[in-house]
Structure formats: structure tokens, C-alpha cells
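The values are calculated or read from the model by the stated rules, or taken from the named source; none is laboratory data. It should be emphasised that the depicted structure is a prediction, and the values quoted were computed from it without experimental measurement. All Cβ positions, glycine included, derive from the backbone under ideal geometry; neighbour counts span all protein chains shown.
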């Protein structure tokens, strides 16, 4: 634990000139993270502007103090709630990225059914299920009754809609923030699908 | 001949005739006031409230407001835009509008008006109501999840198709669209895909079966052109074309 703390402090040293950005995938498909990578060669410009903290891109597992936290995916289990609160506590600006984080999206379509029905359909009555039983290992995060967009769990500062938000949307957002400008999207960058 | 009567919309003089609503006159003059439950060809319904404007310090629906001489109508102040966004956000959280999974996405007026209003998030807590689908009709589907109770299908079926297939039943949050058949099922009504009402739904509630996602992303109605540019007529022509010709040619 002590070593971990010093790692975080070490990471944060000498980075004040760049925006520190962390990202997390909650209950989503990772498509928003893929879309961020679709900025292609602009990623060379991006690393001049930002430094990544905890994100699947760097594979850093713990979060330090960050300027921006980008959250992909809705809140579907206890682990998601924990991660999201940790991001909120460490990020000055928390951003809901993509339909699932903004509205619950595709995962929230399970809200039409009781959780019991969902589990039974997947693990008991589903086609081709062998040894039917609902997994109950303590390592598996407990599912929430419903999938929620992240603004229903923590305060959210900004929203990037889209399934996924396009690479241009990420680019516009991050470069506007890095330049200290008010974020503004042209019509073509606002879409919900 | 008397001089033309006018009112002001965001400072511009808009001519009107006796009996015109603010919406009628504005649309005729080429000014866009966002609307969902309104279609200039049918009597106003005043239910979605998205066409809210400010007149003499009051906020009111422009589709039901009679135009009068010298009115000063505010269609674009930050107050009005904020109220519209809030109304749209309430429409979104009240139903289950999963845009990424909806066949109407890209051609949907609810979406398009929200894009036009710059709505980035639903802001409120979602209701996630449990609603069903009526798939009893051989050619058409009805999705309760997406219905915003605009009443357009009710009016078009009644006034244009002379069938009265649809009605809105219940009050407040319990309001829902009902079908005029003994079983209450859409399949037991005389509704047909060639009805005008089949192509009037602004959202993806009334949709044809066996068709979906036929227009690629980037070529859909509101992908690049805002609804203020596309207009009502084009939207309806394209919806009709999809029903009669099964979508654009390959």
C-alpha cells in the first residue's frame, strides 16, 4: 500500500503542464475507448496535451489526482459503483462518455426485466446451458437491480453523447479543455447513436 | 385592402392572417420553431410543449397560441432554449429511448429536435418504465417504449384516413396509446401500411415490420442537416417512401 501511494505521487510529479486524464470502462462494450483511439495520428498531438493516469490504455490500475475522468458504460454492478465513486473523488471534471454512461444505453435494456428473470434466462433456461446454476462466486461483483446512467450515481460535469462519440468528438472536447475554451460541438458531432 | 397584420418573432416581422397561430405564421414565413406533436396540416394538439415561446413575459406553446397584432415573440433567448431542453429531457427519461437500438434513429424527430436544441444529456433520473410491444399486426409494429403521446397518429387516422384507429387513453403518467378494436390489439383494427397515419409517427413507435436500419449512418435524414433545414414535408415524404417502396434503392 505504501509503495502504491508513492507510485501515485511519483506519477503526479512534474505533470502540471499537461492535463491528467483517466478513463474507465464500466458496463459498456469498450467501443468508446476504441473510438478515442480512432483519432489516429492525432494521438501524437494528444500526448503533448494530456498525460494518461489510470486507463486501460496504460494499464495503470489505481487512480491518482486527475484533471479529467472519462467514464464509458453504465452502472450495472457494485464494482462499477466503487470505480465510479473513486473517479469522482479524484477527478476535477468527470465526463460521461457514450450512450451507456449518458443514458444507460444498451445494457439498460435489461431494466425491462426483473434481475431474476435475466439471470435465469442466461444461466438456467438459456439455449445450450450446461450445469444450469446462477454463478455465485464471491469474486463476482453483485449485479444491481437496474442499470443506471452515471449521473444517477455521482455528479457529472460533462456529457459526450454518441454510440460511440466519434473520434472528432473526443478530439474537440479534449483540445477545447486543454486550450481553456468552452466546449462547443458543431451539429454533426451531437448524435445519440 | 387593409394593411398586412404582423407580429415580431425574435425581432423579425411575421405576417399573419386572422385565425393563424404563431406556429402557423412562423412556419409559413420560413422561421423554424421546434415542434414534435404539431403538423401544419392538422389541428394543433399542444401536448409536447417543445414549441414553447415567450410572449409578454409568459411562456406558452406557440402551436396553440393565436397570433395577434404587435405581439413580441421570443423564440431564441437562453431562457426559452433551456426550457425546451428540459422538456425534451423529460420526454427522454419518461420512456425508454434507446437510440443505438432503434430503427428510427437518424430519422427520428425527437432526436433531431434534441440535437437542434443542443441536448447533451437526459439530466433527470430515468423512469425505465416496463412497457411492451404490440406485434399483432401482420405488417406494422407498435413500440410503447418509444411513444411520446404526440397524438399525431390519432389526428391523421381520424381526419385523413377517416378510420380513427388510435386514441389516447388514461390520464397523466398513466396515459397510453390505445387501438380501436374489441381486443385492443393493433392487428384487429383496419390499420394499413398505406394509411397516412403509418408514416406520421415522429419517433420509432409505429414502424413497418421486415424493414430496419436500411439507410446507412451518414445518409439518414438528420445526420448532417438539422431539422430546421430538413422541414416537415421532406420528413413525411421520406417516411412514406420507405413504407411504399421499402426504402431507398440499392
Restricting attention to segment A:129-143, does a residue exist that is within 30 Å of residue A:40 (Cα to Cα) and either in contact with a helix residue (DSSP H, G or I) (Cβ under 9 Å, 6 or more places away or on another chain) or modelled with pLDDT under 95 (or both)? no
The residue that is surrounded by the most Cβ atoms within 10 Å (Cβ to Cβ), considering only those in segment B:225-234 that are away from every other protein chain (no Cβ under 14 Å) and over 18 Å from residue B:244 (Cα atoms), is B:232
List pairs: first in segment B:199-224 and within 14 Å of another protein chain (Cβ to nearest Cβ), second in a strand (DSSP E or B) and at pLDDT 90 or above, Cβ under 8 Å, 6+ apart or cross-chain? B:204/B:143
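Residues of segment A:121-134 being more than 15 Å from residue A:76 (Cβ to Cβ) and within 28 Å of the chain's Cα centre (by Cα), which ones? Give the derivation first.
As a first pass, look at segment A:121-134 and keep what is more than 15 Å from residue A:76 (Cβ to Cβ): A:121, A:123-134.
Hits for segment A:121-134 are A:121, A:123, A:134.
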Residues that are assigned to a helix (DSSP H, G or I) and under 28 Å from residue B:76 (Cα atoms): does segment B:187-201 have at least one? no
Kindly list the number of the only condition in (1) surrounded by fewer than 16 Cβ atoms within 10 Å (Cβ to Cβ); (2) free of Cβ contacts under 8 Å to residues at least 24 places away in the same chain that fails for residue B:185. (2)
Anything in segment B:126-171 that is on the phi > 0 side of the Ramachandran plot and within 19 Å of the chain's Cα centre (by Cα)? List them, or say none. B:149, B:151, B:164
If we keep just the residues of segment A:156-174 that are farther than 21 Å from residue B:114 by Cα and surrounded by fewer than 22 Cβ atoms within 10 Å (Cβ to Cβ), which is nearest to the other protein chains (Cβ to nearest Cβ)? A:167
Could you say which residue among A:183, A:177, A:153, A:134 is over 27 Å from residue B:89 (Cβ atoms) and more than 9 Å from chain B (Cβ to nearest Cβ)? A:134
Suppose we filter B:232, B:237 for residues that are without any contact (Cβ under 8 Å) to a residue 60 or more places away in the chain, closer than 17 Å to residue B:36 by Cα and under 16 Å from the mean Cα position of the chain (by Cα); which single one remains? B:237
Looking at segment A:94-118 only, could you name the residues that are more than 10 Å from chain B (Cβ to nearest Cβ), surrounded by 16 or more Cβ atoms within 10 Å (Cβ to Cβ) and farther than 16 Å from residue B:99 by Cα? A:94, A:95
Regarding segment B:139-153, can at least one residue be identified that is more than 14 Å from chain A (Cβ to nearest Cβ), assigned to a helix (DSSP H, G or I) and either crowded, with 22+ Cβ neighbours inside 10 Å or at pLDDT 95 or above (or both)? yes
Would you kindly identify the strands (runs of 3 or more DSSP E) lying entirely within segment B:21-127 that contain at least 2 residues that are buried (at least 21 other Cβ atoms within 10 Å of the Cβ)? B:52-55
Output yes when any residue across segment B:91-103 is more than 10 Å from every other protein chain (Cβ to nearest Cβ), more than 18 Å from residue B:149 (Cβ to Cβ) and more than 16 Å from the chain's Cα centre (by Cα), and no when none is. yes
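Of the residues in segment A:53-63, how many are surrounded by 19 or more Cβ atoms within 10 Å (Cβ to Cβ) and over 24 Å from residue A:103 (Cβ atoms)? Quick ask: steps written out before the conclusion?
Initially, segment A:53-63 is screened for residues surrounded by 19 or more Cβ atoms within 10 Å (Cβ to Cβ), giving A:53-55, A:63.
Still in the running and over 24 Å from residue A:103 (Cβ atoms): A:53-54, A:63.
The total comes to 3.
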